[in-house]
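> Dumping the structure here so I can ask a few things about it.
The values are calculated or read from the model by the stated rules, or taken from the named source; none is laboratory data. This is a predicted model, so every value here is computed, not measured. As a convention, Cβ positions derive from the backbone with ideal geometry for all residues, glycine included, and neighbour counts pool all protein chains shown.
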Amino acid sequence: MKPTLRQRLRYQFDNWMSRGTPAMILMLFAFSLAIVFMAGAVITLTGISQNGARIPFGEAAWESLMRTLDPGTMGQDTGSGFRAVMLFVTLGGIFIVSALIGVLNNAIQGQIERLRKGRSRVLEAGHIVILGWSAQIFTILNELMIANENQRYARMVILANEDKVKMEDEIRERVQVRGKTRIICRSGNPLDPNDLEIVSPHTAKSIIVLPPESGDPDADVVKTVMAITNNPNRHPRPYNIVTQIRKAENLGILRIIGGRDNVQAVFTEEIIARVVAQTSRQSGLSVVYTDLMNFGGDEIYFKNETELAGRTFGEALLLYEDSCLLGLRKADGSIRLNPPMDTNIERGDQVIALSEDDDTIHLSAYAASLGTERRLIPVNERIIRSSRAPQKPPPEKCLILGWNRSGAIIVRELDCYVPKGSRLTIVADLYGIEKQLKAQGVRLVNQKLDVREGDTADRALLDSLHVADYNHVIVLAYSTLEPQQADAKTLVTLLHLRDIAGRDATPFSIVSEMRDLRNCELAEVTQVDDFIVSDHFISLMLAQLSENPELYSVFQDIFDPEGAEIYLKPVSDYVAADSPVNFYTLVEAARRRGETAIGYRLTSEAKDAAHACGIHTNPPKAREITFSSEDKVIVLAED
């Protein structure tokens, strides 16, 4: 059936209106001109006017235009014919102006809605892109805020499958804005290359990929990294991508898809397991790690020191007043923490230093006097203790209460540290732990394993275990429960352990894993030696790597059982206790043992969270302090 003229006109009108606000405004403008010109032509051709004189077309059109824009203008008109024409013009103007106001109002409302949806493209460069949304994001944002507080222009752009307004509200509640840093939120799917273009990843200095809290997090991480690295609009330079992985087999996949980029994946379970294993045997170690990871105190930096070329690492340890050396980054890029003290520093090498900021790493006045005038460095030789042959440690007994994905790695890591003949007991409300250990290839050399089933929050069970007979107790948060439910069970277990410890004079260390950082404040009443919050710790590491990707090798070395690690050792093994001593002397005492001193722990402040539980890293070397025999020195050492 052939369409009628009316149908054709209606179809053309619909097509024109579908073009949006500009088309509607243009149409109203055309109607206005048509009315103005029509009225002007009528007035000019008919000769009607207020005073009887003929009005030129231009003047008549102007009179019509004024009445179109302002209906009140016709109040003073005279002459019936002139009034009739102007009434028509005024009524047409009222319709057109009303329609224009409605169109503009809808356009503004639509634009506001689009902005609220967060779909507009971000035109930034040198910014940090965060892809994904989870509880970790608040720690990362707070740390990056501190890191960029002194920057004149810093931007963090978030892309997640969340409502933009909701994200902004939560950030406003849980993130402290510092300096001139700005956070920009956008809604979109990080797995979609088209949505990725919204946050301009190709001009970003670094990209953080956060796994989702449900589903298959590793799969989403891999897909997101692929969407970045295989994007047709990518730039030829390597992307700096930081993320985390839960399964070891997926690390190889990321290495393949990020072959030409700098993709740094933190293996969450392994890192947390190593921290738990090391911390369980050294109270306060988790605070040391947290202090190294966050931006609130001293951080790890790399610096070229041409003046040190030709000197040894051991000599360089005493040449910094406000910084502590950790090791060297050789010219070939290899990282050497706590290298042999006679290691020569060559041109092209960089020192790895713990300092307040990158501009506070500078040689002290003693640098020029090193050599024949070394005696000028204020080292108190009289109170340095000579190195004694290490005694063979006795076997240990360790108890693990609870179980999660990191459990098998914790068992394996503990076996690397404990003396031969040690015993490990695992108690959890789960079945098949021994099979799980066997499936993951865990073979114990130094420990004998005993696995039992039971409710770890049951006081009767804990009493039957004779907890006071153990040297170390590790309480793990169940990964099979929701975070709050898992932490609640952990808190009940910790309260029982505190009561048991209070009834027995035999000291045993207690280390607990929590899943929500906010629950640590509740757990302080249990007076546990250390808390490890897995997501919080990993978030600190991701923030550090986004600012300085070279730290990846440093962190890998610190947490690796092979090579140099952080230890807290009795200060009385290094210097005489109860005598004033400066940190220069402590550094020298550690140097003679082939160790690198980076701080100390005061036992008198061990329960004081306001003083970092007594942990003091990178203290001023000239400041004197009197240690007790229970205090510890923090060193990088082989064992």
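> What about residue 510, is it surrounded by 15 or more Cβ atoms within 10 Å (Cβ to Cβ), assigned to a strand (DSSP E or B) and modelled with pLDDT of 90 or more?
No; evaluated as a whole, the condition is false for this residue.
> Go through the range 208-253 and count every residue that is farther than 18 Å from residue 192 by Cβ, at pLDDT below 90 and of a type in the set (S, T, N, Q).
2
> Would you check which residues across the range 254-285 are at pLDDT below 85 and in contact with a Ser or Thr (Cβ under 7 Å, 6 or more places away or on another chain) and list them?
258, 283
> For residues in the range 313-331 being in contact with a Lys or Arg (Cβ under 6 Å, 6 or more places away or on another chain) and of a type outside the set (A, V, I, L, M, F, W, C), which is farthest from residue 592 (Cα to Cα)?
So, considering only residues that are in contact with a Lys or Arg (Cβ under 6 Å, 6 or more places away or on another chain) and of a type outside the set (A, V, I, L, M, F, W, C), the one farthest from residue 592 (Cα to Cα) is 321.
> Can you pull out every residue in the range 545-585 that is closer than 30 Å to residue 129 by Cα and of a type in the set (A, V, I, L, M, F, W, C)?
Selection gives 545, 551, 554, 555, 558, 559.
> Report yes if residue 475 is of a type in the set (Val, Ile, Thr) and modelled with pLDDT under 85, otherwise no.
Considered against the rule, which asks whether it is of a type in the set (Val, Ile, Thr) and modelled with pLDDT under 85, residue 475 comes out as no.
> Which ones in the range 448-482 are without any contact (Cβ under 8 Å) to a residue 60 or more places away in the chain and under 24 Å from residue 278 (Cβ atoms)?
Selection gives 448, 449, 450, 451, 456, 468.
> Which one is surrounded by the fewest Cβ atoms within 10 Å (Cβ to Cβ) among residues in the range 353-371 that are in contact with a helix residue (DSSP H, G or I) (Cβ under 7 Å, 6 or more places away or on another chain) and at pLDDT below 85?
Among residues in the range 353-371 that are in contact with a helix residue (DSSP H, G or I) (Cβ under 7 Å, 6 or more places away or on another chain) and at pLDDT below 85, the one surrounded by the fewest Cβ atoms within 10 Å (Cβ to Cβ) is 369.
> Looking at the range 620-639, which of the residues that are of a type outside the set (Val, Ile, Thr) and crowded, with 19+ Cβ neighbours inside 10 Å is nearest to residue 587 (Cα to Cα)?
621
> Next question, about the same structure. Considering only residues of the range 407-440 that are hydroxyl-bearing (Ser, Thr, Tyr) and buried (at least 17 other Cβ atoms within 10 Å of the Cβ), which is modelled with the lowest pLDDT?
417
> Another question about this same structure. Yes or no: residue 214 more than 18 Å from the chain's Cα centre (by Cα), in the same structural domain as residue 253 (by TED's automatic domain parsing) and either buried (at least 19 other Cβ atoms within 10 Å of the Cβ) or among the polar types (S, T, N, Q) (or both)?
Here the answer is yes, as residue 214 does meet what is asked.
> Would you mind telling me which numbered condition in (1) in a helix (DSSP H, G or I); (2) closer than 24 Å to residue 142 by Cβ residue 266 fails?
So residue 266 meets the others, but not (1).
> Quick one: in the range 427-466, of everything that is in contact with a strand residue (DSSP E or B) (Cβ under 9 Å, 6 or more places away or on another chain) and part of a helix (DSSP H, G or I), which residue is farthest from residue 504 (Cα to Cα)?
437
> Let me ask something else. Only one residue in 606, 597, 590, 612 is in contact with a helix residue (DSSP H, G or I) (Cβ under 9 Å, 6 or more places away or on another chain) and under 17 Å from residue 384 (Cβ atoms), so which one is that?
Selected residue: 597, the only one of 606, 597, 590, 612 that is in contact with a helix residue (DSSP H, G or I) (Cβ under 9 Å, 6 or more places away or on another chain) and under 17 Å from residue 384 (Cβ atoms).
> Another one. So which residues in the range 390-406 are over 30 Å from residue 593 (Cα atoms) and surrounded by fewer than 22 Cβ atoms within 10 Å (Cβ to Cβ), if there are any at all?
Matches in the range 390-406: 405 only.
> Sort out which residues of the range 425-471 are in contact with a Leu (Cβ under 6 Å, 6 or more places away or on another chain) and within 23 Å of residue 393 (Cα to Cα), and write them in order of number.
Listed by number, the residues that qualify are 425, 447, 449, 470.
> Is the range 245-256 home to any residue that is part of a loop (DSSP other than H, G, I, E, B) and in contact (Cβ under 8 Å) with a residue 60 or more places away in the chain?
yes
> In addition: Considering only the range 17-38, I want to know if a residue exists there that is under 30 Å from residue 165 (Cβ atoms), at pLDDT 75 or above and part of a helix (DSSP H, G or I).
Within the range 17-38 (the criterion being under 30 Å from residue 165 (Cβ atoms), at pLDDT 75 or above and part of a helix (DSSP H, G or I)), the answer is yes, since at least one residue qualifies.
> Ok, one more. Could you check, for the range 113-120, whether at least one of its residues is at pLDDT 75 or above and either assigned to a loop (DSSP other than H, G, I, E, B) or under 20 Å from residue 170 (Cα atoms) (or both)?
Within the range 113-120 (the criterion being at pLDDT 75 or above and either assigned to a loop (DSSP other than H, G, I, E, B) or under 20 Å from residue 170 (Cα atoms) (or both)), the answer is yes, since at least one residue qualifies.
> Anything in the range 461-520 that is of a type in the set (Val, Ile, Thr) and touching a Gly at 6+ places or on another chain (Cβ under 9 Å)? List them, or say none.
474, 475, 490, 493
> Consider residue 140 carefully, then state whether it is surrounded by 20 or more Cβ atoms within 10 Å (Cβ to Cβ) and assigned to a helix (DSSP H, G or I).
Criteria met by residue 140.
So that you can scan it fast, the table gives a plain yes or no per residue for (1) surrounded by 23 or more Cβ atoms within 10 Å (Cβ to Cβ); (2) of a type outside the set (Ser, Thr, Tyr); (3) within 30 Å of residue 335 (Cα to Cα):
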| position | (1), (2), (3) |
| --- | --- |
| 542 | yes, yes, yes |
| 560 | no, yes, yes |
| 577 | no, yes, no |
| 592 | no, yes, yes |
| 603 | no, no, no |
| 611 | no, yes, no |
